[in-house]
Amino acid sequence: MSFVYTPAKQKIAKGDADFDTLDVRCILVMSNTTADTDQDAATISAIGTLDEYDGSGYARVDIGASTITQDDANNRSEIDYPDFTFGATVAAGTRQAVGFVIYVEVGTDAQDWPVAYVDTGGFPFAGNGGAINVTVNAEGLLQIT
């Protein structure tokens, strides 16, 4: 189940989330995570069990600059990012990867805030020594409806 975290929804509603200027990144998480159920987490450290991927070669990823489009046909705004890679040679972790957390980097996990949890597009899987590539949907990584 993919979703937008409740505090992120609040930031968007108040106009405190300008995706044109925010430093947006992603964290790959494994099967013991509670990132998929802690929908009210206001910071990364507030997620009960992050269970960040631990296979060698993995690193959190800066997903680059956004492109924001108004999609009148579907009555939404699409926040798109380029495709990204968690690492070129990522070994298997101690558990399968089950999704990733899109977050805004502010400084530390106690300050960084989660935007969304995504578990579609090939999850779960185990690293196999190759790249972990994420192909972003042509209609955006995030959609505001």
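Mind grabbing the base-10 log of I(q)/I(0) for the chain at q = 0.18, 0.20, 0.22 Å⁻¹? Debye formula, identical points on the C-alpha positions, no solvent, two decimal places.
-1.06, -1.29, -1.52
Just from its helices, what would the mean residue ellipticity at 222 nm be for the chain, if runs of 4 or more DSSP H residues each count -39500 (n - 2.57) and the sum is divided by every residue, rounded to the nearest 500 deg cm²/dmol?
The helix-only estimate for the chain comes to -2000 deg cm²/dmol at 222 nm.
From the square roots a ≥ b ≥ c of the eigenvalues of the alpha-carbon gyration tensor of region 88-136, which class results: rounded (a/c under 1.5), prolate (a/b over b/c), or oblate?
Cα axes put region 88-136 in the prolate bin.
Considering the dipole of the chain built from charges on the beta carbon (Lys and Arg +1, Asp and Glu -1) around the Cα centre, which of I44, N128, G15 is farthest to its positive end?
My answer, from the dipole projection, is N128.
If the only charges are +1 at each Lys and Arg Cβ and -1 at each Asp and Glu Cβ, what is the size of the charge dipole of the chain around the Cα centre, to the nearest 20 debye?
Charge dipole of the chain: 220 debye, to the nearest 20.
Solvent-accessible area per residue for region 1-134 at a 1.4 Å probe radius, Å²?
Accessible surface, normalised per residue, equals 48 Å².
Ignoring ligands, DNA and RNA, what percent of the 1.4 Å accessible area of the chain is carbon and sulfur?
The nonpolar share, carbon plus sulfur, comes to 46 percent.
The values are calculated or read from the model by the stated rules, or taken from the named source; none is laboratory data. Please read these numbers as outputs of a predicted model, since none were measured by experiment. No Cβ is skipped: glycine too gets one built from the backbone with ideal geometry, and neighbour counts run over all protein chains shown. When the accessible area is computed, the model is the full protein with side chains, heavy atoms only, and any ligands, DNA or RNA have been set aside. Shrake-Rupley method; radii C 1.70, N 1.55, O 1.52, S 1.80 Å.
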